[in-house]
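Q: Right, I'll just put the structure down here and ask away after.
Computed from the coordinates by the stated procedures, all read-outs in this text should not be read as laboratory data. All of these numbers come straight from a predicted model, not from anything done at the bench. All Cβ positions, even for glycine, are placed from backbone atoms using ideal geometry, and neighbour counts span all protein chains on display.
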Amino acid sequence: MNTVKKAMSAFMMLLLVVVLAACGGQKPAESEAPASDAAGGEATEAASGEDAGGETAGIPMTGLSGEITVQAEEAWKPYYEAAIQRVTEANPDAKITIIEKAAIDNLDVIDQTGPDNADVPDVFAIPADRIYGMVESEDLAALNSEAIMTTVGGWENFDKFNEGLGGNFKIGEEYFGFPMNIESLITFKNKANAETSGVDLTKPLEVTGENYNKVLIPAFDAWYGVALLNAGGVELLQKNDDGTFTSDMTTAWADLAPEKQDIFKALFDYWKANFDNNTSLFDPDAGYGYTDAEIASGKNGISRLGGAWDYENIAKATGEENLEIGSLNDLTIAGKPLVHWKGGWAYAINVRDEADEGKMALAQALIAELANPKFAQDFFQATGKIMENVPAADYEAMGLNDAEKATVLATIESYENAVARPLFTEYGKVWDTWKNAVLSWNSVKPADAEAAYNELNSAFTQMMGELK
C-alpha cells in the first residue's frame, strides 16, 4: 500500500463516519439474526473505531448500498445464498452476486491476469500460505479485522484473535484477510480392516516398515510429510528475525539430534517396505489413488491421513459403519504423535475495492455474516469447514450426526496440538525440494537411513544456497 492510497482510504473512512452519523439507520429484523446479533449486540450504525468506552466498535451492518460479487464453490452456494439474503434483507439497496468458482481456480486467475479482471470477485477465499505473495503483488485490500471481530464474536479478545488464525493474515500493521476456517490433518480409520488384521484401534498405530500397508501416508508430499517431521521437531526451512534462513536438513547425519535421526530411520523403513513390496504409495502419480483404494473395506489399509473435506470420499470407500475418525494422536512415528500445521483460510477483499467506500463496507458486512458463529453447523455441512471462533463444546451441542461431530472434534484437537505453519514466500521452494529428494530414493535405492538422509541433505543444501 502506498502513502497516497492509505491517505485516500483514511479520508473516505472519515467521510463515511460523517454520512452515517447524519443519516442514522435501522436495526435489522431480529428474525434474520445478523452477525452482530449472534455476537450478542445490536447492529452498529457507526463506522468502525473506538466507542465511548475505548473499545473497538463493530462494522456497519445496515444502511449499506452498492453492488459486489463473491466467489463460492458449487457446494458452498446454499450457505452463501442464505448469508447474502440476511445481508440484503437488512440492506435493500445492496446487491451481492455469487461467482461460482473453485477457490484455487480463482487464485490462478488472479495470478495470471491480476485483480482488476472482471471475472475476479470482490470477495474471495484465500489460504494462509498465499497471503504474503498476494500482498506483495497488491492483490488484496486491507480490512478492519478488529471491528469485524467485534461484530462477529467468538474470540475472547483481539489479542486471542491475533494469537490464532487471525494473526496469520496480518502483515505489518494491516490485516488482509479475516478467518474463514481452520485446517489440520486428522486420522481416518477402517474398523473392519483393523479387526481383520487384529489391530487394536484404542492404541496409536505406528508408522513403521512393519505397518507399511496398514498406515497410508504419501510422505513424498510435504503437506503430509511434515506431520511426520514435526513429530521430531524437524524444520525443513525456518526464517530468522534477521531475514536469514536455516534448515535442519543441511545438518550432517552425525550431527543430527537423536530424536530427529529416529524420524528419518522410521521414514526410511516405511519407504523401503513399500518399495520392496512394490506398492504405489511412493509414486507421485499413483500414490494418492493408492491411499484411496487401500483404505477401502476388504483391503489392507487401516489408517490414512486426510482433512475434514475428505470425509465423503473416504466414507464411500470404507462404508460409514466401518469408519472411525480420530486426531493425529492416533498415529505415531518413533513413538511420538504426528503433528501437523495450524493451517486455515480467510475471506479477502479485492484490492480494486479499496478506494470505494460503499463496496468496502458491504464486503466487510458480508464477511461478518459468512463468519457468523450462529450458522457454524450450516457452514460445516455445506463446506466441510470448521470455524475457529466456535468452541468444540458448541459443535458437540449442535445437530450434527456422530460422524460429523467426530470429524469436527478431531480436527479441533489436531489443530490445537499443531505448530504454526510457515507462511513466508520462500517456503514455496520446500515443496518440490522435499518431493524430488524423497522420490529419488526409488532410483538411488539407499542402503540405510543415513544414505537416504544424505539424499535429502544434498537437495536441501542446494536449495539453501539458492536462497542466499
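Q: Arranged from highest to lowest average of other beta-carbon atoms within 10 Å per residue, in what order do the peptides 435-444, 455-464, 345-354 appear?
A: Taking the mean over residues of other Cβ atoms within 10 Å, the ranking is 345-354, 455-464, 435-444.
Q: Give me Rg/Rg_expected for the chain, where Rg uses Cα atoms only and Rg_expected = 2.2 N^0.38 Å with N residues.
A: 1.06
Q: Right, next: Straight distance only, please: which lysines reach the Cα of residue 77 with their own Cα at less than 24 Å, same-chain residues fewer than 8 apart left out?
A: Here the lysines satisfying the reach criterion relative to residue 77 are 95, 101, 316, 359, 374, 385, 405.
Q: I would also like to ask the following. Return one number: the angle in degrees, 0 to 90 and rounded to the nearest 10, between the long axis of the Cα atoms of helix 357-370 and the longest principal axis of the Cα atoms of the chain.
A: 50
Q: Now for a separate question. Nearest 10 degrees is fine. How inclined is helix 428-439 to the longest principal axis of the chain, computing both from alpha carbons?
A: 20
Q: Separate question: What shape does region 305-356 take by its C-alpha gyration tensor, where a ≥ b ≥ c are the square roots of the eigenvalues and a/c under 1.5 counts as rounded, a/b above b/c as prolate, and the rest as oblate?
A: Oblate, because a/c is 1.5 or more while a/b does not exceed b/c.
Q: Which aspartates and glutamates, if any, have their Cα less than 12 Å from the Cα of residue 160, not counting same-chain residues under 8 positions apart?
A: Filter leaves 146, 388.
Q: Which order do peptides 74-82, 88-96, 147-155 fall in by mean Cβ count within 10 Å, highest first?
A: My ranking of the peptides, most packed first, is 147-155, 88-96, 74-82.
Q: Taking H placed 1.01 Å from N in the peptide plane, check which residues at least 5 places from residue 180 or on another chain put their amide H under 5 Å from its amide H.
A: It is 345, 346, 347, by chain and number.
Q: Once you have a ≥ b ≥ c as the square roots of the Cα gyration tensor eigenvalues for region 116-159, tell me rounded if a/c is under 1.5, and otherwise prolate or oblate according to whether a/b is larger than b/c.
A: prolate
Q: Here's something else I'd like to know. Highest mean first, what order results for 160-170, 369-379, 245-255 on Cβ atoms within 10 Å?
A: Descending mean neighbour count gives 369-379, 160-170, 245-255.
Q: By how many nm would the segment from residue 111 to residue 432 lengthen if fully extended, with 0.36 nm per residue of separation less the alpha-carbon distance?
A: Here the segment from residue 111 to residue 432 would lengthen by 113.6 nm.
Q: Given the DSSP H assignment, sum -39500 (n - 2.57) over each helix run of at least 4 residues in the chain and divide by its residue total; what's the result at 222 nm in deg cm²/dmol, nearest 500?
A: The per-residue figure over the chain is -12500 deg cm²/dmol.
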